Amino acid sequence: MHISVEIPLSRPHILVVSKPPPFFLEPLKAAFVVHERLHETDPAEFSKMAPLIRGIAGGGESAVGAALMAQLPALEMVSIMGVGYDGVDVGAAIERQVVVTHTPNVLNDEVADLALGLILSVARRIPQADKYVRSGRWASEGAMPLARKVSGARLGIVGLGRIGQAIADRATAFGMSIAYTARSAKPGLAYPFHASALALAAEVDFLVIITPGGAGTFHMIDAQVLKALGPRGYLINVARGSVVDEAALLEALEKGTIAGAGLDVFEKEPHPLQALYKLDNVVLTPHMASATHETRQAMADLAVANLQAHFSGKPALTPIPECN
Ligand code: NAP
Ligand code: 8YV
């Protein structure tokens, strides 16, 4: 028996391109006619519905390319639940006058907290210490080898934007000295500016990466930068895997060119280089810097609010800078 479902014309049709958590999907379904990954699950049905689709909702890692947009003649907006939007072909969106939005600021604290967590974890060897206790080595072998002090150390921040500044605030409370690099110096901030990641790396103990991904930052952290960071230096990446040359990083970690690394993001997710798993001087987390109930809820709320604003005739709340 064929059941035909009547689709209300008044509610805008939205294509969801990620696997959204319920607290993102449910409000979307309440406000819009949602086609959940229809382009992947049922291409024939998708080609029938495509002319109706006016919005795309996705996550920070979603790919929204020119080819997908070209199939959606009524597309008006792309709402990303995440601050990074390097999977979106922004040029193609702008050419078609499609507004792209993201979720800045609501995750600054969370990502900065994890950056500090990774610094502490890798320097104080917290994951190894946990294993040391559980495996009985404390009882059988005595105290663990000594670790590295974080308070008072020199921190370099690559990308002193919204999250970079939240990292600097936390590091200040740890008595760390702070220096940074970005595309341009920030006249309102007292921290010393270095013109490149290479120059900055040579001056610090911990180098934290918190720039956007994409072509502008691809492999900005290469073998030369790691060499400048040196055998007592640690690399922390909470930005995007593409910013770091992962093969060069692996070699630096294996040879002791740098002391260690704390990594939340990888070139091919969810498949970090397997050789990293064997190393004792890295702490690995699964791209989870914003992953708490509170922050993911705030991100989902903002991503939905952007769609609602646009489709009720108001300006989007947080368009990406290129669409402003
Ligand atoms: P933001 O406020 O736009 O700050 C980005 C900073 O990066 C700015 O200081 C910018 O310099 C700098 N930058 C950009 N391109 C650069 C380049 N080619 N060379 C040197 N510096 C460059 O962004 P945000 O909100 O802090 O977020 C930063 C990024 O963090 C996001 O784009 C995302 O990729 C990543 N992120 C990761 C997670 C995670 O789960 N691990 C979570 C959230 C965000 P100027 O100020 O001079 O332009
Ligand atoms: C999330 C992120 O992994 O905001 C970003 O740029 O990388 C993270 O917050 C993701 O985007 C959630 O959709």
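The values are calculated or read from the model by the stated rules, or taken from the named source; none is laboratory data. The model shown is predicted, which means the values in this text are computed figures rather than measured ones. Counting neighbours? That spans all protein chains shown, and the Cβs are built from the backbone with ideal geometry, glycine included.
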Qualifying residues in region 279-293 (those that are in contact (Cβ under 8 Å) with a residue 40 or more places away in the chain and more than 9 Å from ligand 1 (Cβ to nearest atom)) - the one nearest to R232 (Cα to Cα): N281
Residue ID - farthest from ligand 1 (Cβ to nearest atom), chosen from residues in region 100-145 that are touching a Phe, Trp or Tyr at 6+ places or on another chain (Cβ under 8 Å) and assigned to a helix (DSSP H, G or I): W138
Residue count, region 63-85 (criterion: buried (at least 20 other Cβ atoms within 10 Å of the Cβ) and under 30 Å from H293 (Cβ atoms)): 10
Single unsatisfied condition, P12 versus (1) without any contact (Cβ under 8 Å) to a residue 24 or more places away in the chain; (2) farther than 30 Å from E267 by Cβ: (1)
Qualifying position, being under 30 Å from R54 (Cα atoms), of a type in the set (K, R) and more than 17 Å from the chain's Cα centre (by Cα), among K314, K278: K314
Residue in region 143-159 that is within 15 Å of the chain's Cα centre (by Cα) and either crowded, with 16+ Cβ neighbours inside 10 Å or modelled with pLDDT of 95 or more (or both) present: yes
Residue, nearest to V265 (Cα to Cα), within region 183-231, restricted to residues that are in contact with a strand residue (DSSP E or B) (Cβ under 9 Å, 6 or more places away or on another chain) and of a type in the set (D, E, K, R): D222
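Let's see how each residue does on (1) within 16 Å of ligand 2 (Cβ to nearest atom); (2) small (G, A, S); (3) touching a His at 6+ places or on another chain (Cβ under 7 Å); (4) under 25 Å from E322 (Cα atoms):
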| residue | (1), (2), (3), (4) |
| --- | --- |
| A30 | no, yes, no, no |
| P43 | no, no, no, no |
| A57 | yes, yes, no, yes |
| L75 | no, no, no, yes |
| V78 | yes, no, no, yes |
| V100 | yes, no, no, yes |
| N108 | yes, no, no, yes |
Residue in region 63-74 that is touching a residue at least 24 places away in the same chain (Cβ under 8 Å) and within 16 Å of ligand 1 (Cβ to nearest atom) present: yes
Condition met for G188 (within 16 Å of ligand 2 (Cβ to nearest atom) and not in a strand (DSSP E or B)): no
